[in-house]
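The values are calculated or read from the model by the stated rules, or taken from the named source; none is laboratory data. Predicted, not measured: the structure shown is a model, and the values here were computed from it. Positions of Cβ are backbone-derived with ideal geometry, glycine not excepted, and every protein chain shown enters the neighbour counts. Please note that ligands, DNA and RNA were not included when accessible areas were found on the heavy atoms of the full protein model with its side chains. Shrake-Rupley method; radii C 1.70, N 1.55, O 1.52, S 1.80 Å.
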Amino acid sequence: MTARNTSKFWYNISGKLGWPVALGLAATIGFFALINQGVISNPLIVRYFAGHPVEYIETAMFFVGLAAILLKLQDVARELTNVSKIELPAPPREGQLIDDAAGLLDQLEEYPQRLQRHSLWRRLFQGIEHVHVNGSAAGLQEELKYFADQEAERAYQSFSLVRIVIWATPMLGFLGTVIGITLALGNLSPEALVNEPKAAMESLLAGLSVAFDTTALALSLSIFLMFAQFIADRVENELLTVVDSAASAQLSGRFQQAGGKSDPSVAAIQRMAERVMQATEQLVERQTQLWRNTIDGAHHHWEEIVGSSKQQLEDSLSAALSGSLERHAAALAGAEKEVIREMRVDWKQFQTALDNNASLMRDQQDQLTQQGEVMLKAVEAVGEISSLEQTLSRNLDSLAGAGHFEETVLSLAATIHLLNNRIGDSGGRRFELEKKPSQGHAA
């Protein structure tokens, strides 16, 4: 027994027997608790429901039957509400293939458990399973009718507990009647009738009251349950009608048919052709899988080869680049050293030239200083000549006034000769000084 069938079995057991008994007993206990606590104090209710132990049992049976009917109505109402939620996908215009029955069964299996207990779900599942097992949609309508009859029989069997309660409740009333009459006759004695007729009649009437009260209660409760069962049965028949219509609308003409009862060979040939096609498809799929595996293996091998080649190429390039970089670094270091050496030589030459230029500049500065001194002396000589000229002028004036002209001329001649000698010496030194710087520049 599969898990789904086990779940359905226990659901049917609890729904048909467990829950009605439990709810009925709970309602009975609550009802008599209300009577004992005085919440329900109507004399007729207390007399007919709590006057004898048989009446307690009848009341309990009534509540059990009523709970079963109410639960049945609840299930029927829920199924009526969920009819539109169970629907197969629309078939193709040319009809559904027989091979698609397995897929439809899988789609039905995906419905939740509460919908898998629905009558329409069972009808659709049974119809599609018939097509899947037989490999043909021939006779589907007859199977649907058969399933409808089974569903009607199942609905009839679902009221078994209610029918038992309806049958057993009057029996309990008759039992109460027998018990009441037995008590009444058992308590009646000739001596009591003679000695105490009033007490004897009261005892007889009490026993008969119990007998008739239990029977009246049992008949009343049975009639109420019968009407409730009739209403529930009518509602369930309406549900079965809706389920039949929905199942017929979704399954009739859905599957492609070939042949029939008059020509079953066509259907057989078609099934053989379909099986050959299925075998061919499986062979093609297997061959495709083999090709795919071969291609995947070759691709994997190629990836391994490419990976190893890539690694080797990377190693070779890395080694070559490392050697080249080392040689290039050594060449750069040698070139750097050569450049530094040449720069040092050039710098020394540059320093030597700077030192020579500095010496020349110092010599030129000294020569300029000497030329300045010569010029200063020449200026001083010119000043002396001016003063001598002034003196000469004064002397001439004095000579002219004193009459010593010849002596003055001789003095003047001596003075001029002296000045000529000095000017000659100053000019020679200046010529030498000018000649030395020109020689220095030439060097």
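Here are the numbers for the structure shown:
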{"quantity": "Residues within segment 1-36 that are within 60 Å of the chain's Cα centre (by Cα) and either polar (S, T, N, Q) or modelled with pLDDT under 80 (or both), tallied", "calculated": "18"}
{"quantity": "Residue within segment 128-148 that is at pLDDT 85 or above and either outside any helix (DSSP H, G or I) or among the polar types (S, T, N, Q) (or both) present", "calculated": "no"}
{"quantity": "Filter result for Gln439 (assigned to a helix (DSSP H, G or I) and at pLDDT 75 or above)", "calculated": "no"}
{"quantity": "Candidates Ala200, Ala216, Ala267, Ala184, filtered to the one that is assigned to a helix (DSSP H, G or I), open to solvent by less than 50 Å² (accessible area, probe 1.4 Å) and at pLDDT 75 or above", "calculated": "Ala216"}
{"quantity": "Residue in segment 156-173 that is open to solvent by 60 Å² or more (accessible area, probe 1.4 Å) and under 47 Å from the mean Cα position of the chain (by Cα) present", "calculated": "no"}
{"quantity": "Test: residue in segment 110-131 that is over 51 Å from the mean Cα position of the chain (by Cα), open to solvent by 50 Å² or more (accessible area, probe 1.4 Å) and without any contact (Cβ under 8 Å) to a residue 60 or more places away in the chain", "calculated": "no"}
